[in-house]
Each structure stands twice: as C-alpha cells, then as structure tokens.
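To keep things clear, I will list the structure first and then write my remarks on it.
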Amino acid sequence: MSPPMDSPLELADIQSGVLRPRPSPYAATYILFRIDQAAAGRELMERFSRVVGSAADPQSPAGAAWVSVALTFQGLKALGVPQASLEGFAWEFQQGMKARAGALRDTGESSPEHWEAPLGGPEVHVVMVAVAPNSQTLAAALDRARAAYEALGGVTAIWRQDCHALPDETEPFGFRDGINHPAIEGSGIPGTDPHETPLKAGEFVLGYRDEMGGFASVPQPEVLGRNGTYVVFRKLHQRVARFRRYIQDQASGPQDEELVAAKMMGRWRSGAPLALCPLHDDPAIGADPKRNNDFLYADDPAGYLTPLGSHVRRANPRDANIAGEVRLHRMIRRGAAYGPLLPKGVTEDDGADRGLMFTFVGAHPKRQFEFVQSEWINDGVFAGLAGARDPVAATVDGDEVFSIPRRPIPRRLKGLPQFVVTRGGEYCFMPSLSALRWLADLQTPAPTP
Amino acid sequence: MHPAAAVIPKHDPSWEMGKHGPVWPRTPACYGFTIIARVKPGTAEAIRGYGNKIVAALEGDPNFLAPLKLHYLRWVLFDDDTRFMYQGIFDTDFDKYTEDAIELFKKSGLNTIFENLEGFPEDWKTNPEAFIKFVRAHQCPSFMEYGEYPYVSADEIKKALALKAAFTEMLDQMQ
C-alpha cells in the first residue's frame, strides 16, 4: 500500500488560536463552562462556531478580539459524543491533567489536592479564550459573548481568569516572553528560529503527516478529529518575591544578580540569549526578532555560555547533544501573564496571586507536553545532568542544586526553592471549525448525568 | 556510595500508569528492559548478522547510539536459535523515549533487529504505538535488580573516567 498523499494544511478549517501567535501587547481572558444540558452545550458550540476565527482569516469574525474554544474529555461526553468517537482521542487526554499529575511531576505544593477549584474537576467542560490587543477591546467582546451564553441557560460559566501584558512583554519574573515559535510546514506563519527546519504539520494538527512519517490517531468521524489538536492550559503561580530574594542572596551585587538570573534562565531579561551575549545584557539584541532567536548550542557543549541546565536550553535544546530527538518534542507554547506586577525592588511577598496562564498546542500530548515536563524540566539525565532539574520552572523535591559552568570550577547555586507552583489546568481538544458545527448538530441522545 | 538492590513487585499502586500499563520505576540498575520473543523461522543468522552491523556502525560513528543513553546491550539467541532475548540497560525511561529510539534506528539505516521476530509490526517506522505494544507484550520485568554503584548514569561514569584520565595526563605533564 502506498502512503496516503500529503495534503496542504486546511487553514480555513483550523482555529486561529492553534497556529497564530497572540498579539503583542495583549489582554486575554479564560472562561470555563460547565454543560448542564447537552442541548444547551450544542447550542453553545453553534454560537462559538460563528465567532471563532480560522487560521486563514486575517480578520476575526468576533471583531477586534480573537476567540478560541476547546473541550475537555468530560466536555465531549457532556455533549453526547458517541463512545466510539471518544475512544479515538489520545489516551492522556482521556485521562485529563489531574490524573496525569504524577507523569507531569505535579507533586507536593503543585499536586492536584492543592489546585484552585474547579480546575482539574469533573465539571470543567469547555474552555474559551478571548484575546485582544487591549483590555477595553477585550471587555467589549466579552460583554457580547456573555449576552450570548447567559441567555442560553443549561451552560454555566464557572471560572474566569483575566490576563494582560506586563511592561516590555515580560513574564512576571521580569524576562521577555514569547520569543520562540516553531515554523510549521504549510502554515504560512514564519518561525522565529532561522536554524530550525519547519516542523511537519502533523506535529501540531491532526490529520497530517508528522515528524515520524506517520499520523496521530484522528478521532472519528473524520470531521470531528481532522484539523483539530490538543491544547493544555495550566495556571502557574510565580513566586516573584522569592525569586528576587534568592537571586539577591546568591549574588555578590546588583550586576551579579543579573548574571545569576540570566544563567538560570538562559537569556537576559531583555530576551538577549546568553549564547550571543555571554557577559552582559544587550537590549537591542533582546528586542530584535531577527537576532534574539538566532543561535545554537553545539559550539557550547560544556555550557560555559548557556548552562546545560538553564530554563531555555532545557525547554528547547536545539542542536545540543542530548538523549533522543529534539524535533519529536517541540511544541507551540504561549504564556499570558495574570495578576499585578510586583513593584521593582520588592523582595517581600505581598500575598498577591500572579503568574502565567501557560498554553501548549500540539498533536502529541505525550511525547510533546508530558515528555518535556518530566524529562527536560523535572530531570537532567537527558543532558548528562543526572537528576538536576530546571532551576526556574521545576517542582522542587529535596536539595536542588544548579550548576553554572565556569572556569576553573563551576559555580553552584544551592538550596533552590520552588519558584513556580501549578494551580491547576486542563487537557483539552481544540476542534476544527467544521467539528464545532458537527458538535452543534449532534443528534445522539443526551448523556445521563 | 553503597551498593543497593530493589525488589520489583508484580504490581504496585504507586507506579505511574501509562496507556499500556505501569511505568516501571528506575532501579539501582537504572532503567532497562528484557524482551523475549520467538524468532521468525530461518532468520537466526540474520539476527546474528546484526551484531556485525552494530560493530561496523560504531566504527563509523562511535557516538551513533549515544542519544539512547545506554549502559549495556545483551543480545542472546537460545532454545536452539528459536528464541531471542534483547536486554538493554539505560538511563532513560523507554516508555517515554520509544519514538526517539525508532527515529534513531531509522536514521542509522540499520532498521531494527526486531524485524526478525514474530509478531513485530511491519509499519514500526511510522507507528510507535504498535512498536510499544510489541515491546510491552514481550517484556519480562525483573523481580530484583542490583547495582554495585546504584543509580549512576552512564554520563556520570564517562565523566568520572574522563576526569581520571585528565588528572593522569596533568600529573604526567608535571613530571
């Protein structure tokens, strides 16, 4: 049998949120819904199908805001999706994030028993994300959306998280975020790393050939699964005061603080990579999209420039000498900051909740998202670092040490506390536009609650 | 450093579950597997031939297996060449690295010795799911594993040996 022909990406059927980077600056809101009545849930899908933009549209049907919609496995069930269709979804997605906490190393303070309700619970069915260039535009779009779902009855909004860009496009620790976006064959959206060959579309969208030359399982009927993908939402609380204090305690002075922080992250605060600016920050490079992602690691095998264990080198090891194949573990990731900015210089915790809403997009939740969490962030064997974990993003379990390669002997940062705590999240399926309409038209009997 | 042994029970509710069953924990002898399967009739010599292929490939590129983070491979034909045992000791969890291993073998052009085993999926190159099902179906988990130097990775051992060599060299230079 000859392999099926490769078809071009059907951009007009793929939700814009799958492939298009968010605007910058941005305001974003996440709303979670519970479906109380299948008929109302189906009507909600119908209404969403009219406001969700496609990856082919330069304009959003929702005006100045972009809306994305995804469903949890429980949500698909609540809509009455037939069992045979449900069984075609990725096993990990069927389990849900809470059940996968062990595999994700969400233990200790990050374990599901401490999560914010209703995250991880059985009543989270639909996730809606609205993104706009500013809060005013977003608020107007959300008002219109609210009118649509409140009038519906039978679906209830149960949780909301507002996000907004921080100054200089940084995440709450103060580093420029959103620099890396992989190039995807046929998407027409350029990647940010000039050294990375575009990844096969099947890494990010169901129904297309992936990097292994095969296809991820497409839930049937074809209209349900094709052009959809998996997304993972995580609310990650960031302990900014603790991060600043730790850096202060480790450093010999303000200049050294910046170096220690950059070594932990792999980039300076401006986004300038250590690989290009090993000695001091260079904001011009950090702000230049042509240069801030234009580097490799093979010429730095010992990590004298970019430590092997630093956050960005773990999250994307590029051409570094590691276990396995980097291209099988690439993903689209986006962060949207929430909570108030901790004023500059403050090192005492003010009790405010701040952090990132993290989003993963990919067709292979196990070998992409789960793999990166357990192997690259929460272990070090892949890079020859034994059990050493990510100094910024890992779950802390025991005495964590971060080693900064340096001649003649490495500098070791000891007693790393946990800076990022998982507050909860969901594994979701982001259906195609035609699948949204298929879900709206479902005629199966409503599931019994 | 103290030698250590671990008993691996048939079941343990604390093990992380994966799609195809429990994810066996790392032991004092690191990760690994023992796969035992029937040989397709008449292919025993082809299986033996893979030994030469691996040796030749390593002569060409000593690091071609490095991304697998292996300590040891032991390949055994037994029961009058009707059965084959593939035992590997490595530092990564094979469940998580199945696709990586497949890609590595594809790249090397070696294909895999598994192709000569009964029940091995023909589409293994693009179907990691079928590959891992075969491995799971033929894996015989250990009930005890021992490490004289427990939980030490191959990278750490190589680093220690390189360090020793460098020290020896340094001391020689100081004579």
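Things worth noting here:
- Nearest 10 degrees, 0 to 90: helix B:154-173 Cα axis against chain B principal axis: 30
- Averaged over the residues of B:98-104, the number of partner chain Cβ atoms lying within 10 Å of the residue Cβ comes to 6.
- Cα pair distances exceeding 29 angstrom across segment B:4-174, given as percent: 27
- This ranking places B:ARG48, A:ARG327 by how few other beta-carbon atoms lie within 10 Å of each, fewest first, which gives B:ARG48, A:ARG327.
- Helix-only arithmetic for chain A: the sum of -39500 (n - 2.57) across DSSP H runs with n ≥ 4, divided by the residue total, places the mean residue ellipticity at 222 nm at -5500 deg cm²/dmol.
- Flagged links, alpha-carbon separation over 29 Å, of A:LYS200/B:LYS40; B:LYS69/B:LYS106; B:LYS106/B:LYS164: A:LYS200/B:LYS40; B:LYS106/B:LYS164
- Under 5 Å between amide hydrogens, built in the peptide plane, is the criterion, and for A:ARG411 it picks out A:ILE404, A:ARG406 among residues at least 5 positions away or on other chains.
- In this structure, A:LYS344 and A:ARG406 have a Cβ-Cβ separation that, at R0 = 30 Å, corresponds to a calculated FRET efficiency of about 0.60.
- Computed from Cα positions, the angle between helix B:44-60 and the longest principal axis of chain B comes to roughly 30 degrees.
- Neighbour-count ranking [beta-carbon atoms within 10 angstrom, fewest first] of B:PHE94, A:PHE33: B:PHE94, A:PHE33
- The spacing between segment B:110-169 and segment A:205-282, judged by their C-alpha centroids, is 29 Å.
- Cα centroids of segment B:1-80 and segment A:378-422: 29 Å apart.
- Between B:ARG136 and A:GLU258, the distance separating the two model label sites (each 7 Å from Cα on the Cα→Cβ line) works out to 5.2 nm.
- Label point of B:THR34 set 7 angstrom out along Cα-Cβ; within segment B:122-147, amide nitrogens under 18 Å from it belong to B:135-147.
- Relative to the longest principal axis of the Cα atoms of chain A, the long axis of helix A:135-150 lies at roughly 30 degrees.
- In range of the label at B:TYR151: residues from segment B:5-27 whose backbone nitrogen is under 11 Å from the point 7 Å along Cα→Cβ: B:26-27
- Net charge over other residues, Cβ less than 15 angstrom from the Cβ of A:SER54 (K, R count +1; D, E count -1): +1
- Placed amide H near A:GLN220: partners under 5 Å, 5+ positions off or other chain: A:GLY88
- Label-point separation, B:GLN87 to A:ALA251 (7 Å along Cα→Cβ), nm: 5.3
- Estimated from helices alone, the mean residue ellipticity of chain B at 222 nm is -12000 deg cm²/dmol (sum of -39500 (n - 2.57) over DSSP H runs with n ≥ 4, per residue).
- Relative contact order [Cα under 8 Å, 6+ residues apart], chain B, whole percent: 37
- Packing-based exposure ordering (other Cβ within 10 Å, fewest first) of A:HIS164, B:HIS138: A:HIS164, B:HIS138
- Annotation: lysines with alpha-carbon distance below 18 angstrom to A:LYS77 (same-chain offsets under eight excluded): A:LYS98.
- Computed from the C-beta positions of B:TYR72 and B:HIS11 and an R0 of 41 Å, the FRET efficiency is 0.90 to the nearest 0.05.
FYI, it's all coordinate maths here, none of it is from the lab. Every value quoted in this text rests on a predicted model; they were computed, and no experiment measured them. No Cβ is skipped: glycine too gets one built from the backbone with ideal geometry, and neighbour counts run over all protein chains shown.
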